[in-house]
Amino acid sequence: MAQSNTAPLATPSSPHAHGGGGVSGVMATVIIALVPVTLFSVYLFGWPVVFMLLTTLAAGLATEALALRFMGRPVRPALTDGSAVVTCLLLGLSLPASAPWWIAVLGAAFAIGVGKQVYGGLGANPFNPAMISRVMLLISFPQQLSTWPAIRPLFSDSALSFTEGLRVTFLGEQGLALTPDATSAATPLGHLKTELTLNRTVDEILAQGYDHTMALFGTLSGSAGETSAVLIVLGGLYMWWRGVIDLRIPGAMVAGTAALAFIFHVYDPDAFAGPLYHVLNGSLLLGAFFIATDMVTSPTTPRGQILFGLGCGALTYIIRTWGGYPEGVSFAIVLMNACVPLIDHFTRPRVFGKERAGGPPLGGGE
């Protein structure tokens with residue numbers, strides 16, 4: 001018999017295919033999705049946003065480099081994969097535009113150093129670094145985190161100059177960014193919560209110049225990145241189109257908040273705002289599309305992702321309505337991050353040929 005010259009088939013171990021995107025590709029997509037929101041924030045609030053975001057990025061990257069050097073790990077790959085940039089950008093966009101430089105530095109250092117590197121780096125952190133940092137800042141420095149600047153569109157007559165922006169961020173002159181009468185511009189959620197304590201009805205409060213289109217297109221005060229609902233949703237849909245996120249978590253999170261808001265609004269429309277108000281205002285959409293979908297700190301199973309999103313949405317509404325803060329997104333996401341291992345455990349898919357509880361093979365023999 002003639003001997004075959006064909007070499008034996010070599011089958012390497014799995015995986016047999018690779019998309020080639022990697023961490024840097026995912027992070028680049030998220031950064032691109034955040035560009036419209038970031039640019040619109042710069043337009044609304046002017047130079048203070050630019051300086052605050054640059055300070056946050058510089059402090060976060062410096063902390064990343066120092067932590068990696070201290071642990072004896074390669075610095076360049078981690079700095080260039082974009083993960084630290086995304087964390088710092090999301091943190092900066094969740095802060096007031098007039099936040100002083102030391103808030104940005106402390107927040108970025110905590111997010112990268114404590115929220116990420118102390119657990120072992122990217123992929124090992126149980127909590128979203130940007131949100132665990134924002135929670136820390138909100139608890140530790142409530143005054144700085146609840147002083148909201150007035151909207152002063154760039155290139156308008158009321159816009160702050162370059163030097164005034166420097167003074168706001170680095171010299172602590174936050175008064176320059178406030179309204180002309182030197183008062184803080186209240187966010188819609190904060191204004192509603194305060195006015196409800198004065199025994200006013202929701203309709204009376206919202207009749208004072210509020211319109212849903214203001215939240216849709218961004219003419220209301222708030223954190224740097226939460227002003228325009230339209231741009232946030234467009235950025236989220238871009239990430240979904242690129243395959244970076246699944247819509248289960250953002251959809252479930254929005255549904256969780258909207259469902260509770262609808263129930264309580266029907267129960268007492270004078271004391272509880274409707275679902276559209278809660279969905280369009282605050283950082284719900286930013287958190288739903290850009291933060292809760294963090295693949296490291298969210299469940300891996302489809303059912304788990306839905307439960308996670310519903311939990312985030314429900315907790316957001318509960319904290320907004322009965323908690324001590326008018327916004328509850330960051331607290332809700334961090335609390336649900338802690339539940340992810342439990343959610344993954346109870347939503348594990350059935351192994352082929354096994355009962356869901358791990359019993360004997362289906363249709364098993366004797």
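Read the figures in this text as sums done on the coordinates, not as results from a lab. No experiment lies behind these values; they were computed from the predicted model shown. Neighbour counts are summed over all protein chains in view; Cβ atoms, including those assigned to glycine, are modelled from backbone coordinates with ideal geometry.
Using R0 = 25 Å, the C-beta based FRET efficiency linking residue 75 and residue 295 works out to 0.60. Between residue 157 and residue 266, the distance separating the two model label sites (each 7 Å from Cα on the Cα→Cβ line) works out to 4.9 nm. Amide H contacts under 5 Å for residue 46: 154, restricted to partners 5 or more places along the chain or on a different chain, H placed in the peptide plane at 1.01 Å from N. Among 264, 110, 331, the largest mean-square fluctuation in a Gaussian network model of the chain (Cα springs under 10 Å) belongs to 264. Remark: the stretch 285-290, residue by residue, has Karplus-estimated 3J(HN,Hα) of 5, 4, x, 5, 8, 9 Hz, where x stands for each Gly or Pro and the curve is 6.51 cos²θ - 1.76 cosθ + 1.60 at θ = phi - 60°.
Here is what passes the span test in the chain: the DSSP H helices with alpha carbon length of 27 Å or more along the helix axis and a Kyte-Doolittle mean of 0.0 or above are 22-45, 47-71, 248-267, 302-322. Dipole check for the chain: with +1 at the C-beta of Lys and Arg, -1 at the C-beta of Asp and Glu, and the Cα centre as origin, the magnitude is about 1100 Debye.
Would you compute, from DSSP H runs of 4+ residues alone, the mean residue ellipticity of the chain at 222 nm, taking -39500 (n - 2.57) per run and dividing by the full residue count, rounded to the nearest 500? Spell out each step's value before the answer.
Numbers: 16 runs with 197 residues, N = 366.
Result for the chain, helices only: -17000 deg cm²/dmol.
The distance between label points at residue 216 and residue 234 comes to 1.4 nm (points 7 Å beyond Cα on the Cα→Cβ vector). Dipole check for the stretch 24-182: with +1 at the C-beta of Lys and Arg, -1 at the C-beta of Asp and Glu, and the Cα centre as origin, the magnitude is about 480 Debye. Remark: the Cα gyration tensor places the chain in the oblate category, a/c being 1.5 or greater and a/b not exceeding b/c.
Rounded, prolate or oblate: pick one for the stretch 24-182, where a ≥ b ≥ c are the square roots of the eigenvalues of its C-alpha gyration tensor, a/c under 1.5 means rounded, and failing that, prolate if a/b is larger than b/c, else oblate. Write out the running numbers ahead of the final one.
On the way: a/c = 2.29, a/b = 1.78, b/c = 1.29.
Taking the square roots of the gyration eigenvalues as a ≥ b ≥ c, the stretch 24-182 is prolate.
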